[in-house]
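A.B. asks: Please find one structure pasted underneath; my questions will follow.
The values are calculated or read from the model by the stated rules, or taken from the named source; none is laboratory data. All figures in this text were calculated on a predicted structure; none of them were measured in a lab. We place every Cβ from the backbone using ideal geometry, glycine too, and count neighbours over all the protein chains shown. Note: accessible area is taken over every heavy atom of the protein model, side chains too, but ligands, DNA and RNA are not part of it. Shrake-Rupley method; radii C 1.70, N 1.55, O 1.52, S 1.80 Å.
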Amino acid sequence: MSADLCAVMAENIARVQQRVERACERAGRAPTQVAVVAVSKTRTIAEIVAAYRCGLRHFGENRIEEAETKIPAVRGMLGPEPATWHMVGHLQGRKARRAVELVDTIDSVDTMSLAVRLERLAAEREVRLPVLLEVNVSGELAKSGFPAWDEESRSQLCRDLAALEGLAHISVRGLMTMAPLVQDAESVRHIFRATHELAAMLRGCLPFSTWDELSMGMTNDYVVAIEEGATMVRIGRAIFEPQS
Ligand SMILES: *Cc1c(COP(=O)(O)O)cnc(C)c1O
């Protein structure tokens, strides 16, 4: 990796961290409440290690095939240093086994059948796998996620979540959402707000649940997502690409 790349990345990460801090300040939240997940899909092992050296500890991949070659290589280079790997993209059931063997958390569980399959796989390995449920609060686009755009789908989600809470090998830590890619981040604020409200509603129907993670916001809209309560932002381009 060139010294240039390293300098660009250090600058990018400092800028992201500063914007995260300012957004937290505006929202009256502590910056420690927001984790930056560096979405490292398509990036090289050298780029990922550089991001680690610049202070990032959470990484996200969206394709199993790519993750299978990169994650062990990065782990090999970092040795015992701690990095947490997130699966953030749609996961097909037939690839679930490979995902469970590879990553630390699956942030994009989008159906009950995937959740149940992960439970079985985690049980085989005798681990408790943290997961987030991907939700679709807008219904605007044909994207993945548990439907949660009306009263009926939200009640169904409540029942599903209650069933998942009874499983011993997956641990639902919160929700994840993908907003449509737009130029003006303000135009997706309502999606982040609705996801936050959904999390509060679900907590209401599961009074003993302790989950509190909200993974929302990407390069274009993470500041708005933090203002609306994100506890994890998934950032690719703003970390790995030169910014104008
Ligand atoms: C690529 C990706 C991101 C990051 O997108 P950027 O616009 O590069 O920040 C976040 N979440 C998921 C699920 C992705 O696939």
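A.B. asks: Of the candidates Val116, Val137, Val224, which one comes out as most mobile in a Gaussian network treatment of the chain with C-alpha springs shorter than 10 Å?
C.D. replies: Result for the chain, Cα springs under 10 Å: Val116 fluctuates most.
A.B. asks: So which residue, out of Val20, Val223, Val49, gets the largest mean-square fluctuation from a GNM of the chain using Cα contacts under 10 Å as springs?
C.D. replies: The residue with the greatest mean-square fluctuation here is Val49.
A.B. asks: Could you pull the Cα extents of the chain along its three principal axes, largest to smallest, in whole Å?
C.D. replies: Reported extents, whole Å, longest axis first: 53, 42, 31.
A.B. asks: How large is the dipole of the chain about the Cα centre if only Lys and Arg carry +1 and Asp and Glu carry -1, each at its Cβ, rounded to the nearest 20 debye? Don't skip to the answer; put the middle values down first.
C.D. replies: Numbers: 29 positive and 33 negative charges, 93 e Å.
The calculated dipole for the chain is roughly 440 debye.
A.B. asks: How high is the relative contact order of the range 110-209? Use alpha-carbon pairs under 8 Å, at least six apart in sequence, and give a whole percent.
C.D. replies: 30
A.B. asks: Let me ask another. Rolling a 1.4 Å sphere over the protein heavy atoms, what is the accessible area per residue of the chain, to the nearest Å²?
C.D. replies: 47
A.B. asks: Give me the percent relative contact order of the range 5-141, please, defined on Cα pairs under 8 angstrom at least 6 residues apart.
C.D. replies: Numbers: 152 pairs, mean separation 23.0, N = 137.
Over the range 5-141, the number comes to 17 percent.
A.B. asks: For the range 61-104, what is the convex hull volume of its Cα atoms per residue in Å³? Don't skip to the end; give the middle numbers.
C.D. replies: On the way: hull volume 2.6 nm³, N = 44.
Considering the Cα atoms of the range 61-104, their hull volume per residue is 59 Å³.
A.B. asks: Where the centre of each part is set by its Cα atoms, how far does the range 14-60 sit from the range 205-244, in angstrom?
C.D. replies: One Cα centre to the other: 10 Å.
A.B. asks: Which are the unpartnered cysteines of the chain, meaning those with no other cysteine Cβ under 4.7 Å from their Cβ?
C.D. replies: Lacking a cysteine Cβ partner under 4.7 Å: Cys6, Cys24, Cys54.
A.B. asks: Could you list the chymotrypsin sites (Phe, Trp or Tyr not before Pro) in the range 179-244 that lie in coil according to DSSP, counting only those with at most 15 other Cβ atoms within 10 Å of their Cβ?
C.D. replies: Loop-located and lightly packed - Phe208.
A.B. asks: For the range 1-78, which whole-number percentage of the solvent-accessible area (1.4 Å probe, protein heavy atoms only) is attributable to carbon and sulfur atoms?
C.D. replies: Of all accessible area on the range 1-78, carbon and sulfur atoms account for 52 percent.
A.B. asks: Which FRET efficiency value, to the nearest 0.05, do you get for His190 and Glu124 by plugging their Cβ-Cβ distance into 1/(1 + (r/R0)^6) with R0 = 45 Å? Please report the intermediate quantities before stating the final value.
C.D. replies: Working: r = 41 Å, r/R0 = 0.91.
FRET efficiency, His190 to Glu124: 0.65.
A.B. asks: Taking 10 °C and 1.306 mPa s as the conditions, I'd like the Stokes-Einstein D for the range 150-244 in µm²/s, using the Kirkwood hydrodynamic radius from alpha carbon pairs.
C.D. replies: Value of D from the Cα-based Kirkwood radius: 110 µm²/s.
A.B. asks: Still on this model: By what distance, in whole Å, do the Cα atoms of the range 84-200 stretch along each of the three principal axes, largest value first?
C.D. replies: That gives 43, 29, 22 Å along the principal axes, largest extent first.
A.B. asks: While we're here: When a/c is below 1.5 the answer is rounded, else prolate if a/b is larger than b/c, else oblate, so apply that to the range 5-133 with a ≥ b ≥ c taken from the square roots of the Cα gyration tensor eigenvalues.
C.D. replies: Numbers: a/c = 2.27, a/b = 1.44, b/c = 1.58.
The shape class here is oblate.
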